[in-house]
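Taken together, the values in this text are just the output of simple stated rules run on the coordinates, not laboratory data. These numbers come from a predicted model, not from an experiment. Here the Cβ is made from the backbone with ideal geometry for all residues, glycine too, and neighbour counts use every protein chain on show.
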Amino acid sequence: MGPAHHDPTPPGVPPSVPAGPVREPVRWPWVTLVVLGALALAAALAGLSLIVAGEAPRSASDAYLLMAGIGGVLALLGLIGLAVRAIRVKASLPPERYRGPSIFVLLLIAVVAGNLASGAFLLDDLGGLATSGAIPALQGTLLLLLTPVTFVASAWIFVLAPHAMSGFRFSPGGLGAAPRMLLVGIVVGLLSWVGVAILSIGVEWVARQLGEDVGGQQLVADLLANV
């Protein structure tokens, strides 16, 4: 006779059942919202560009603006859903791992939310944009700050508040290395800005050589001039 089987479970306590596989939250509803919102935004922006160019009646602007607003809200809801899903899926990761949404999702949230907010300032100025009219300095300042502010807000809501980077050391060399890291970041940012400016000038020169009238009346340049 073989050895008796020993059951470690105390009497009166039901045996533990192995936990089944944890199902991750579904992703497709949020992706669907993002795709539908992007399609609506693309169609609305195409229609508004025709109105600004004078190739479509201004009476259709309200319909296109409504379509753009609905598309932006759908895309924003989908992106927020993806961000929340990522936080839930990565909650079990150790603190030294990043447990927040993708940086691209955060960037898109900031861009979409910033444009939705800026749309409220531009609704009454479509005619001014079409005729290269000036935008008031206060309004221009708010427009320039909306996207950075929404990016900081989205980072706070989806990264800092849920402690997605609680195990990270932001300054590996201690506090003494922070000024050096800040200086490096500023230099890299300035070099990137210069590179983008040179690329923009090159693209404009190529367009002029091909006979395209770019005009040089970009919205951001006008805002900076007014501010």
Convert each backbone phi in segment 48-57 into a coupling constant with the Karplus relation 6.51 cos²θ - 1.76 cosθ + 1.60 (shift: θ = phi - 60°), then list the ³J(HN,Hα) values in order as whole Hz, x for Gly and Pro. 5, 5, 5, 5, 4, 7, x, 9, 9, x
With θ set to phi - 60°, apply the Karplus curve 6.51 cos²θ - 1.76 cosθ + 1.60 along segment 148-153 and write out the HN-Hα couplings as whole Hz, x wherever there is a Gly or Pro. x, 5, 5, 5, 5, 5
If you filter segment 36-114 for trypsin sites (Lys or Arg not before Pro), then keep DSSP loop positions with at most 16 other Cβ within 10 Å, what is left? R97
